[in-house]
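Input: a single structure, listed below in structure tokens.
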Amino acid sequence: MLSLHIKIFDSMKTVLSGIRPTGNLHLGNYYGAMINFLKMQEENKCFFFIADWHSLTTHPDPALLHVNVTNILSEYLACGLDPGKATIYIQSDVPEIAELYLLLSMLAYVGELEKTVSFKEKARQNPDNVNAGLFTYPVLMAADILIHNADYVPVGKDQEQHLEMTRNYAKRFNHRYGIEYFKQPEAYNFGQELIKIPGLDGSGKMGKSEGNCIYLIDEPKTIEKKVKGALTDSGPEGPNMPKPDYIENLFSILKVVSTPEVVAHYDHLWNTGETKWYGSMKKQLAEDIIKVTTPIRERIHSIKSDTVYLRKIQKEGAEKARESAGKTLLEVRKIMGFKSF
């Protein structure tokens with residue numbers, strides 16, 4: 001067992017979450033994640049980052065990469081993430097992550113990486129772009145998490161396997177070097193607080209790739225057009241009929257953005273078998289979404305136009321993230337036998 005001075009972690013739990021800069025935040029991101037992030041930053045030691053290295057697996061247009069990073073950073077801040085309470089940073093500003101990625105890759109085996117569900121799916125979808133970065137994506141994600149020795153990581157279903165692989169790398173490191181250094185990060189469970197916002201096309205979850213989103217930066221006219229085009233039918237066939245999924249989706253969004261009285265009114269119309277009220281409901285839904293998004297959209301535009309402020313936030317976030325990452329990397333290097341003369 002190695003005898004080293006290892007940092008003592010404070011009692012406040014460390015939470016880490018990242019997002020790839022591949023598009024604007026939408027209503028699902030806001031209610032499904034951001035609302036909870038605002039609570040988390042009050043109760044935990046939080047690291048929120050923009051995963052620009054991860055986005056390189058799909059070869060983004062270089063002219064758009066910085067634009068997309070700026071968009072996400074501005075939207076994070078406009079939604080209420082506070083640099084005074086959480087560490088908000090850009091992944092590529094923290095080179096320590098890249099070194100830990102290299103070191104962890106020595107503990108990652110080709111066989112297990114080949115079996116990663118996300119890798120197999122993306123390789124099947126894009127057979128001409130099966131690059132090494134895509135192959136080792138779980139290792140970079142593990143480095144993102146372990147560089148701050150995070151306790152919790154809010155992840156969706158599609159990322160659970162990657163989090164399990166992170167735990168495996170942490171265990172292997174601890175076992176190989178005979179020291180319980182890395183924690184076993186767990187999925188952050190929001191429980192009853194988790195809100196899932198469906199898409200407008202009746203297909204389920206709101207998502208960028210599905211093209212069924214209402215973005216936080218959408219103008220009122222755009223929102224009205226999108227909601228007006230949401231999938232509906234001719235109305236209930238009789239009283240107290242079960243709602244089809246695409247109608248239930250609209251009610252799910254209504255429950256989040258509207259008052260209980262509004263929801264009860266349209267529930268009553270459905271349950272009594274009334275028809276010809278979808279137009280009214282869509283109009284109300286669009287108005288209530290606009291009420292939620294308008295102040296956020298205005299803050300986004302204000303923040304995006306303030307380059308000096310964004311540069312300050314980027315610099316301070318990088319410094320805070322590198323302070324934490326640097327401590328971890330220094331200790332990992334010592335444990336592995338890298339020493340200065």
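The values are calculated or read from the model by the stated rules, or taken from the named source; none is laboratory data. All of these numbers come straight from a predicted model, not from anything done at the bench. Cβ sites come from the backbone with ideal geometry, for glycine too, and all protein chains shown count toward neighbours. Side chains are part of the model used for accessible areas, which takes the heavy atoms of the whole protein and leaves out ligands, DNA and RNA. Shrake-Rupley method; radii C 1.70, N 1.55, O 1.52, S 1.80 Å.
Side notes on the structure shown:
- Gyration tensor analysis over the Cα atoms of the stretch 1-141 returns equivalent ellipsoid semi-axes of 27, 24, 14 Å (largest first, whole Å).
- Spherically averaged projected area of the stretch 287-332 from its Cα convex hull (nm²): 4.7 nm²
- Dimensions (Å) - the stretch 187-340, Cα atoms, principal axes, largest first: 79, 37, 28
- Sequence of 218, 82, 128 when ordered by accessible area, the most exposed leading, probe 1.4 angstrom: 128, 82, 218
- Over the residues of the chain, the helix contribution to mean residue ellipticity at 222 nm works out to -16500 deg cm²/dmol, using -39500 (n - 2.57) for each DSSP H run of at least 4.
- Largest-first principal axis extents of the Cα set of the stretch 99-193 (Å): 41, 39, 20
- Computed 3J(HN,Hα) for the stretch 238-244, one whole-Hz value per residue from the Karplus formula 6.51 cos²θ - 1.76 cosθ + 1.60 where θ = phi - 60°, is x, x, 6, 7, x, 7, x, glycine and proline marked x.
- Comparing 32, 23, 84 in a Gaussian network model of the chain where C-alpha atoms under 10 Å apart are linked, the largest mean-square fluctuation is found at 84.
- Mean shadow area of the stretch 231-281 over all directions, Cα convex hull, nm²: 3.2 nm²
- Computed over the alpha-carbon atoms, the stretch 125-274 gives an Rg to Rh ratio of 1.14, Rh here being the Kirkwood radius from the mean inverse distance.
- Accessible-area rank, largest first, for 112, 180, 96: 180, 112, 96, with all protein chains present and a 1.4 angstrom probe.
- Of the trypsin sites (Lys or Arg not before Pro) in the stretch 81-129, the ones in a loop by DSSP (not H, G, I, E or B) with at most 13 other beta carbons within 10 Å are 115.
- Lysines whose Cα lies under 23 Å from that of residue 13, excluding same-chain neighbours fewer than 8 positions away: 39, 45, 85, 157, 171, 183, 320, 327
- Mean separation of Cα contacts under 8 Å, 6 or more apart, over the residue count of the stretch 141-289: relative contact order %: 20 percent
- The distance linking the stretch 273-290 with the stretch 86-160 is 43 Å (Cα centroid to Cα centroid, whole angstrom).
- Shown in residue order for the stretch 336-341 are the 3J(HN,Hα) couplings computed by the Karplus curve 6.51 cos²θ - 1.76 cosθ + 1.60 at θ = phi - 60°: 7, x, 7, 9, 8, 7 Hz (x for Gly and Pro).
- For residue 292, the accessible surface of its heavy atoms amounts to roughly 30 Å² (probe 1.4 Å, protein chains only, rounded to the nearest 10).
- DSSP-defined beta bridges in the chain - what % are antiparallel, rounded to 5: 15 percent
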